[in-house]
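Structure first, then comments.
The values are calculated or read from the model by the stated rules, or taken from the named source; none is laboratory data. If you're wondering where the values come from, they're calculated on a predicted model, not measured in any experiment. Here the Cβ positions follow ideal geometry from the backbone for every residue, glycine too, while neighbour counts run over all protein chains shown.
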Amino acid sequence: MTPFYHPTSVLVLDDDPLFLESLDFQFSEEVSCQTFTRPDAALEHLRAQAGQHPNFARYFRSVADEDSAEMPFGDLLLHLQLSELRNIIDDCNRQQRVSVAIVDFDMPKMSGVEFSRAIRDLPVKIILLTGKAGLETAIGAFNEGVIDCFLQKQDSGVTHALRREIRRLQQQYFAEIAAPIQSALALQRPAFFEDQFFLELYREISEHNAIVEHYICTAPSGVMMRDAEGNESFLLLADTETATAHSDAAESHGAPDELVQLLRARKAHAWFPTQSGLFEPNFRSDWARFIWPAQSLPGSSRWSYSFIRRDPAPDVLQRSQQRA
């Protein structure tokens, strides 16, 4: 799974208003469509969004100056700023960002291939709609990497093919823009989001709860999710070492026996609003506010999980990302 995902928009460029109206009608309930009849207007719109797409510089900063004394000569130390994900969550315009452009091949003033060349520096994925006359050119553009997909406009199954390709390319868009985060997070072991048993669980929970967006969190380990109505939930994960750390901390700090026993048996997960998330004595009286029923991850002896309808604690995601 990608470190984050949220609904995005599809830009459709065609000089035929009737085609745009028909396509918008067919897809409006599935995806946000932004339609254009003029290539220059579409290009201006995409250029205006250019700086809004997540990029490497947004999530990483150099800390060489802070730690230069401890680094071997020639190395560069980068700090992963997962707190930037919070900015995406809070961005009310995130769903209007274009991830896929559907472009007609045959247009006056600027052809579909020319338009595609003009935006290849953007992470937007491109579907070219072509007739038989432009098929050879489309194949050449695809092989050159100018477009990501081409479909014949008059094909009887083009609507079904568009649905399939939009879904595929939206996933590819997020996979590419989030690749640096994915690689950095994969260095942590164990990485729950690479566990096949977790991925099966996530798919099941996501489908059952109609989840449309998600954001990976590392402390606590888990995934913050939202449905189309904006309702939040959190899938909290703990491996054996993390569960042991929580139960040991609770016992050593004089937590109530009931809490210690729940954590030892892995029947509950805890996350307290402390720097480490571990139990501290000042939570002795209200500890029940910070635990949730836990279950073993099917097929795995390492992981257990809790599905929480709301964020596990106020601003937990924000605080934990700032420490990442």
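Laid out as a table, the results:
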quantity	calculated
Test result for His246, assigned by TED's automatic domain parsing to the domain that holds Gly277 and either part of a helix (DSSP H, G or I) or exposed (fewer than 14 other Cβ atoms within 10 Å of the Cβ) (or both)	yes
In the range 13-40, the residues that are among the aliphatic types (A, V, I, L, M) and either farther than 27 Å from Arg226 by Cα or without any contact (Cβ under 8 Å) to a residue 40 or more places away in the chain (or both)	Leu13, Leu18, Leu20, Leu23
Qualifying residue in the range 294-302 (condition: modelled with pLDDT of 95 or more, surrounded by 17 or more Cβ atoms within 10 Å (Cβ to Cβ) and not in a helix (DSSP H, G or I))	yes
When residues of the range 217-231 are limited to those that are closer than 27 Å to Glu29 by Cα and touching a strand residue (DSSP E or B) at 6+ places or on another chain (Cβ under 7 Å), the one surrounded by the fewest Cβ atoms within 10 Å (Cβ to Cβ)	Ala228
Search result, residues across the range 50-60 that are without any contact (Cβ under 8 Å) to a residue 60 or more places away in the chain and surrounded by 12 or more Cβ atoms within 10 Å (Cβ to Cβ)	Gln52, Arg58
The range 183-215: number of residues that are at pLDDT below 90 and either crowded, with 18+ Cβ neighbours inside 10 Å or β-branched (Val, Ile, Thr) (or both)	4
Test: residue in the range 130-146 that is modelled with pLDDT of 90 or more, surrounded by 15 or more Cβ atoms within 10 Å (Cβ to Cβ) and of a type in the set (Asp, Glu)	no
First in the range 230-259 and under 22 Å from Arg310 (Cβ atoms), second anywhere and aromatic (Phe, Trp, Tyr) and surrounded by 14 or more Cβ atoms within 10 Å (Cβ to Cβ), Cβ under 6 Å, 6 or more apart	Leu235/Phe307; Leu237/Phe192; Leu237/Trp303; Leu237/Tyr305; Leu259/Trp287
